[in-house]
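Presented below is the structure to which this report refers.
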Amino acid sequence: MSSEATNFVFRQDAARRNTRRMLVLFALGIVSTAALLYLVVALSMGSFDPTIFLGVFLLVTGAVFIAALFKVFQLSHGGKTVAMALGGRPVAPESRDPDERKLRNVVEEMAIASGVPVPEIYVLDQEMSINAFAAGYSPADAAIGVTRGTIQNLNREELQGVIAHEFSHILNGDMKLNIRLISLIFGLLFLTVIGRIFLYTRPVRSRSSDGKAEVALPLIGLCLILVGGISVFFGKLIQSAVSRQREYLADASAVQFTRNPMGLAAALKKIGILSSRSYISSPQAEEAAHLFFAKGIKGFWSNIFATHPPLEKRIQLLDPSFDGDFTKLTLKSIASQTKPEPQPSEKKPPQRVFPRIPIPMAAAALSGGYETTQEAQQVLETLPPSVRGMCSDPLGAISLIYSTLLDSHPSVFQSQLAQITKTYGEQLARECTRAATELHQLSRSQKLAIVSLSTPPLRQMSPDQFETFNRLLKELVYSNEEVDLFEFCVLKNIEHNLKGHFYPHRIRLGTLGTQPLKDEISAVLSILAQTETDDPQEVISAFEKGAKHMNSEELTLQLQESPNYEVLEAALDKIATQASPTTKKLIMEACNVVVASTNEQVTEEETNLVRAISLVLNPQGL
């Protein structure tokens, strides 16, 4: 995968270009539809009065925008609305269905690997084809949907490739554009929908009626359908224009995560040989065609304006040996091409150090995750089963997160338990004490994985309950009057995973460069350099290398006896809201330069701190 695909600045620029292209085509669709309808009206009236065109144009524009706004309101709750509209059913965390358990495990691994909140998971039980989608406005309200045919027909490696593809859409910032596109497509299809209603409506005939209404309504309906064909044309053109190339990028990103191109290739091959292929039967599939992993609808328009590249071409990019002939393939032969599913073995705790990450960092690191799914899988497999079970229950999740913050010093520990008891009662305080014992042997990376796994049940809280939870969380962090690295990382993970869900707001892009933010950038690089090494000369060297990458001589090293994470938080918050996307990109690259400047390995502390920094600077996963 190219370096361009791994930086969020490029992805934001690409998203804006696609949005502009989409709006231009949308405007052309409205004008063309209004012009054709005007021609029909003018011919029927025998007059080409310009005021008639103005009236028709305003009528069409108003109808399209009202329909589009209606759909925007309908989809305002994010990805779960799309999933349910397509017939999706939420997968319960405690589900005992082996296919659903396999799906949940793969999704959780991918969320940990990519550094985004665990999305809501839906299964389309009535769909026996192989397909999937990711929908939402941001990672905070994202939903992953898969068909029943997907989880029944794909093995773990193949399913992992499909889910990695969908997660890349979350990371690449495609979801927001996709969900907006659903609204625009619905608006453009509105005239055709009204036309169909008129065409098939039979008015009640009274004794005094002369039968003209029975003829007029179907004729009006037929005219609207014919005129609406222009809108359908532009709607399909928009879907095709903004969708096709992104599928290649999503495939490449999926391989970057899984390091297994044959798994994704095998999933695509199975689509090619199954009779149901990837088609979706839901009536809502047409307006959501651009969301799917593979071609979701069939018909005249879908063949002319394909939303996805040819299946054969996608497979050949992953498996050059494939000759494009699906008749030579069988399910058995495809299964033999993928790696066998791993057999249960003795679980070993993950190492406390990580390989040196090349520069620029992978997309996952820029979003606060791991470089591959294998690393995330290793972390999750070593979690005690009882802990994984608590992650599926709201109170269990609250207990786990609070227990990660309990201090080892007896007096502070008792003070924290008193705070928990005062807010939630003695039972939850006892649960926290018990959980803290289980978590004692876990690494910080494993504990941060628990924070991510706890996201879905915590979304079930009301805003008031979240306010109570978050307030106590901060009280526990500051109970010993200082914030350490791990506590800082927990706070940033909770903020990244949940704040956008309970308090959705539009992220405004900053405009400032390095110079106005020199003090804040200096603080970030200084703390990171001190986390990198204790040697004063190496601290100076690491900072200077980071400053050089920023191409700024105004950055100054801010040495402290120990890193002050409250200073870091204030600096990052200012950078996040005021720095331009280009400046943020430079800062993330400079952070990578600092951690790569000394030693032969990136330590767990450095890895967690860089992830926390990226979560603040890149809150929407873009």
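The values are calculated or read from the model by the stated rules, or taken from the named source; none is laboratory data. Everything numeric here is computed off the predicted structure, so don't read it as measured data. Don't worry about glycine lacking a Cβ; one is built from the backbone with ideal geometry, like all the others, and counts go over all protein chains shown. To get the accessible areas, we keep the full protein, side chains included, count just its heavy atoms, and leave off ligands, DNA and RNA. Shrake-Rupley method; radii C 1.70, N 1.55, O 1.52, S 1.80 Å.
Count of the range 570-603 residues, restricted to those that are at pLDDT below 80 and either open to solvent by less than 10 Å² (accessible area, probe 1.4 Å) or of a type in the set (A, V, I, L, M, F, W, C) (or both), is 1.
When the criteria are applied in full, Val483 fails the requirement of being open to solvent by less than 10 Å² (accessible area, probe 1.4 Å) and within 18 Å of Ser408 (Cβ to Cβ).
Quick grid of which residues meet (1) closer than 22 Å to Leu171 by Cβ; (2) among the hydroxyl-bearing types (Ser, Thr, Tyr); (3) touching a Gly at 6+ places or on another chain (Cβ under 8 Å); (4) touching a residue at least 40 places away in the same chain (Cβ under 8 Å):
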| site | (1), (2), (3), (4) |
| --- | --- |
| Ser95 | no, yes, no, no |
| Ala113 | yes, no, yes, yes |
| Ala134 | yes, no, yes, yes |
| Thr147 | no, yes, no, yes |
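Taking Leu400 as the residue in question, decide whether it is among the aliphatic types (A, V, I, L, M) and surrounded by fewer than 22 Cβ atoms within 10 Å (Cβ to Cβ). So Leu400 does not fit the description; no.
For Leu366, the stated conditions do not hold, so it cannot be described as at pLDDT 80 or above and not charged (D, E, K, R). The helices (runs of 4 or more DSSP H) located wholly in the range 268-349 that include 1 or more residues which are at pLDDT below 85 occupy 300-304, 331-335.
Which ones in the range 517-546 are open to solvent by 70 Å² or more (accessible area, probe 1.4 Å) and more than 15 Å from Ala570 (Cβ to Cβ)? Selection gives Asp534, Pro536, Gln537, Glu544, Lys545. Restricted to strands (runs of 3 or more DSSP E) entirely inside the range 80-156, those with at least 1 residues that are over 17 Å from Ala288 (Cα atoms) and open to solvent by 20 Å² or more (accessible area, probe 1.4 Å) are 88-90, 120-124.
When the range 569-584 is filtered for residues that are in contact with a helix residue (DSSP H, G or I) (Cβ under 9 Å, 6 or more places away or on another chain), under 24 Å from Phe486 (Cα atoms) and not hydrophobic (A, V, I, L, M, F, W, C), the ones remaining, listed by number, are Glu569, Asp573, Lys574, Lys584. Taking residues in the range 515-536 that are free of Cβ contacts under 8 Å to residues at least 40 places away in the same chain and within 13 Å of Val593 (Cα to Cα), and partners anywhere that are among the aromatic types (Phe, Trp, Tyr) and open to solvent by less than 60 Å² (accessible area, probe 1.4 Å), the pairs with Cβ atoms closer than 9 Å and at least 6 places apart or on different chains are Ser526/Phe543. The numbered conditions (1) at pLDDT 90 or above; (2) touching a Leu at 6+ places or on another chain (Cβ under 8 Å) are all true for Ser114 except (1).
Step by step: first the residues of the range 543-555, then only those that are among the small types (Gly, Ala, Ser) and modelled with pLDDT of 90 or more, then the one that is nearest to the chain's Cα centre (by Cα). Which residue is that? Among those that are among the small types (Gly, Ala, Ser) and modelled with pLDDT of 90 or more, it is Gly546.
Of all residues in the range 26-66, exactly one satisfies the criterion of being of a type in the set (Ser, Thr, Tyr), over 17 Å from Leu184 (Cα atoms) and surrounded by 14 or more Cβ atoms within 10 Å (Cβ to Cβ), namely Tyr38. Contact map, the range 283-298: first residue open to solvent by less than 10 Å² (accessible area, probe 1.4 Å), second residue aromatic (Phe, Trp, Tyr), Cβ cut-off under 6 Å, separation 6 or more or different chains; pairs are Leu291/Phe133; Phe292/Phe133. Of all the residues in the range 301-322, those that are open to solvent by 90 Å² or more (accessible area, probe 1.4 Å) and without any contact (Cβ under 8 Å) to a residue 24 or more places away in the chain number 4.
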